[in-house]
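A.B. asks: My structure is below; once you've seen it, I'll send some questions.
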Amino acid sequence: MFEPITLQWILLIFFGILFFWIAPYSKTVEQFFAAQSEQGKQPNVLILTSSLVISWIFAKSITNAANLGLAFGLVGGVAYAVYYFSFIVGGIVIYQLRTKGGFYSIHHFLNSRFGRGAVIVFSLLIGIRLFNEVWSNTMVIGSYFGTAGTSSYYAAVIVVTLLTLAYTMKGGLRSSLMTDAIQMIFFGVLLLLLLGFIFPQEGISLNAFLTSGTWKMSTGINLLLAAFLQIFSYPFHDPVLTDRGFISTPKTTLKSYILAAFIGFICILVFSFVGIFAQKQGLQGQAAVEVSKLLGTAAMLAMNFIMITSAASTLDSTFSSFSKLIVIDLGWTKLKTVNKGRLMMALLVVLGTLPIFANPEILSATTVSGTMVMGLAPIFLLWKWAAPKLSFHLSVVCGVVIGVILAAGYFPQSLVFSTGKYAALLWANIWGLALCFILFFIPFIFKNVNQKEY
């Protein structure tokens with residue numbers, strides 16, 4: 001009989017072979033970068049919604065959801081699930097950009113309104129986001145194969161990354177969307193299976209989960225409010241989300257984004273039950289890992305496959321978005337080819353895997369990057385305003401500076417008016433967002449003054 005760790009490796013290899021076999025081979029730029037079928041058809045609501053949801057249910061996201069459930073009960077799960085309303089904000093803005101503005105991409109909008117400099121700055125921001133997505137998801141997979149720093153841990157990281165790279169290079173974004181739909185089915189079935197292990201446990205009822213936690217600032221509300229503020233900027237720095245906003249008709253896209261928001265919210269909230277269960281069992285550490293060990297081999301394998309599925313769905317989308325960013329959006333190469341897109345994917349794998357060896361913190365990839373891009377809120381929410389170029393740079397730089405100050409631990413405590421974990425995160429976003437809007441409007445004042453002088 002196979003040992004659990006051996007079964008995990010078998011599942012991992014099986015997953016890689018299966019999706020490489022399923023993934024279509026893209027021959028044209030339209031297929032590779034825009035997910036068009038061989039007949040030139042665009043993704044429908046079902047495919048697009050599935051891809052949006054599973055691409056955002058990262059391995060690190062469900063790990064964070066479980067850990068927040070462990071720390072704060074239901075409040076923690078709700079707080080993290082709020083991030084999924086980013087789909088509604090992003091979907092509405094993208095719909096307006098396309099139907100009222102006539103823009104065919106985020107980069108097209110920025111270049112038209114704020115110039116090439118804004119495009120470069122924005123691309124650096126989303127490049128950091130994509131870079132973070134690689135290490136923050138693969139290190140979660142590694143933790144199911146061994147302790148951080150061990151050979152089995154690093155081996156799992158490398159294998160899952162290379163297997164995902166292989167099938168993504170084969171088909172690009174088209175490959176990503178097709179496998180996402182299958183991965184979404186896997187995720188749903190496995191999540192129900194996992195819950196089936198948890199609820200039969202003695203003394204555990206649905207009411208116990210729904211009444212867990214305390215609704216106070218110090219026990220989760222800080223993070224909930226911070227997440228709510230970040231959804232007005234967070235979606236625009238994530239090309240995994242925005243790239244999918246321009247590959248189907250505007251109406252299909254808007255429907256998919258709204259559906260994805262509610263499905264994603266429910267999935268993350270339900271997965272936080274794993275952490276709540278861990279809390280009630282008195283477990284410590286990584287909630288999902290410890291619960292899977294407690295419930296036995298079958299539960300551990302289900303959890304493992306959920307993590308592999310979610311990590312792969314995010315990685316393939318990340319690879320596709322990075323290749324599109326370099327080859328199409330930035331246009332650094334005169335000849336836009338599929339092979340150049342594949343080369344960029346390989347480059348990201350190398351760069352994005354290096355941080356694994358520094359043992360970074362998973363949650364920081366979400367909360368800190370979300371703070372650093374708060375300056376995008378006025379730019380996209382007020383996209384109809386004919387803002388001066390300086391408005392973009394003042395707002396964006398302000399957000400980045402505050403994000404760096406927060407990450408370094410130097411945000412002034414005198415500006416924090418709540419207590420508990422994530423209090424500094426919340427108030428950095430409150431003050432920072434207000435300042436970003438003020439700086440966004442300042443160039444308008446000088447513009448109007450100059451016009452009156454003439």
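A.B. asks: Within region 195-244, count every residue that is β-branched (V, I, T), over 30 Å from T49 (Cα atoms) and in a loop (DSSP other than H, G, I, E, B).
C.D. replies: Count: 3.
A.B. asks: Hey, another quick one. So which residues in region 305-340 are over 14 Å from I126 (Cβ atoms) and not in a helix (DSSP H, G or I)?
C.D. replies: Scanning region 305-340 gives G331, W332, T333, K334, L335, K336, T337.
A.B. asks: I'd like to check something: does region 51-62 contain any residue that is of a type in the set (G, A, S) and either on the phi > 0 side of the Ramachandran plot or more than 17 Å from the chain's Cα centre (by Cα) (or both)?
C.D. replies: No: zero hits.
A.B. asks: Something else now. Mind counting the residues in region 31-43 that are loosely packed, with under 15 Cβ neighbours inside 10 Å and of a type outside the set (G, A, S)?
C.D. replies: Count: 3.
A.B. asks: Shifting gears a bit: Would you pick out the residues in region 320-338 that are more than 24 Å from the chain's Cα centre (by Cα) and of a type in the set (S, T, Y)?
C.D. replies: Those that are more than 24 Å from the chain's Cα centre (by Cα) and of a type in the set (S, T, Y): T333, T337.
A.B. asks: Buried (at least 21 other Cβ atoms within 10 Å of the Cβ), in a helix (DSSP H, G or I) and charged (D, E, K, R): does that describe K293?
C.D. replies: no
A.B. asks: Determine which member of the set L192, L173, L177 is over 17 Å from the mean Cα position of the chain (by Cα) and either part of a helix (DSSP H, G or I) or of a type in the set (S, T, Y) (or both).
C.D. replies: That would be L192, the only listed residue that is over 17 Å from the mean Cα position of the chain (by Cα) and either part of a helix (DSSP H, G or I) or of a type in the set (S, T, Y) (or both).
A.B. asks: How many residues are in contact with a Cys (Cβ under 9 Å, 6 or more places away or on another chain) and hydrophobic (A, V, I, L, M, F, W, C) when one looks only at region 72-93?
C.D. replies: Of the residues in that region, 1 qualify.
A.B. asks: Hey, any hits in region 288-298 for a residue that's touching a Leu at 6+ places or on another chain (Cβ under 8 Å) and within 30 Å of F109 (Cα to Cα)?
C.D. replies: No: zero hits.
A.B. asks: Scanning region 403-429 for residues that are surrounded by fewer than 18 Cβ atoms within 10 Å (Cβ to Cβ) and assigned to a helix (DSSP H, G or I), which turns out modelled with the lowest pLDDT?
C.D. replies: Once the filter is applied, the top-ranked residue is A407.
A.B. asks: Select from region 128-153 the residues that are in contact with a Phe, Trp or Tyr (Cβ under 9 Å, 6 or more places away or on another chain) and under 19 Å from L347 (Cα atoms) and list them in ascending order.
C.D. replies: Selection gives L130, F131, E133, V134, S136, N137, M139.
A.B. asks: Given the options S317, S272, S310, S256, name the one that is among the small types (G, A, S), under 20 Å from the mean Cα position of the chain (by Cα), buried (at least 22 other Cβ atoms within 10 Å of the Cβ) and under 18 Å from F72 (Cβ atoms).
C.D. replies: Sole residue among the options that is among the small types (G, A, S), under 20 Å from the mean Cα position of the chain (by Cα), buried (at least 22 other Cβ atoms within 10 Å of the Cβ) and under 18 Å from F72 (Cβ atoms): S272.
A.B. asks: Got a number for residues in region 100-120 being outside any loop (DSSP other than H, G, I, E, B), buried (at least 16 other Cβ atoms within 10 Å of the Cβ) and under 25 Å from the mean Cα position of the chain (by Cα)?
C.D. replies: Count: 8.
A.B. asks: Please identify the pairs in which a residue from region 35-49 that is at pLDDT 95 or above has its Cβ atom under 8 Å from the Cβ atom of a residue that is surrounded by fewer than 15 Cβ atoms within 10 Å (Cβ to Cβ), counting only partners at least 6 apart or on another chain.
C.D. replies: If the second residue must be surrounded by fewer than 15 Cβ atoms within 10 Å (Cβ to Cβ), no pairs are left.
A.B. asks: Check L130 against each of (1) in contact (Cβ under 8 Å) with a residue 40 or more places away in the chain; (2) more than 16 Å from the chain's Cα centre (by Cα); (3) part of a helix (DSSP H, G or I) and name the one condition it does not meet.
C.D. replies: Just one mismatch for L130, condition (2).
A.B. asks: Give the residue, chosen from L46, L70, that is on the phi < 0 side of the Ramachandran plot and either surrounded by 15 or more Cβ atoms within 10 Å (Cβ to Cβ) or among the polar types (S, T, N, Q) (or both).
C.D. replies: So the residue among L46, L70 that is on the phi < 0 side of the Ramachandran plot and either surrounded by 15 or more Cβ atoms within 10 Å (Cβ to Cβ) or among the polar types (S, T, N, Q) (or both) is L70.
A.B. asks: For L335, only one of the following conditions fails: (1) buried (at least 22 other Cβ atoms within 10 Å of the Cβ); (2) farther than 30 Å from T219 by Cβ. What is its number?
C.D. replies: The number of the failed condition is (1).
The values are calculated or read from the model by the stated rules, or taken from the named source; none is laboratory data. The shown structure was predicted, so the numbers you read here are calculated from the model rather than taken from an experiment. Glycine gets a Cβ as well: all are built from the backbone with ideal geometry, and neighbour counts include every protein chain shown.
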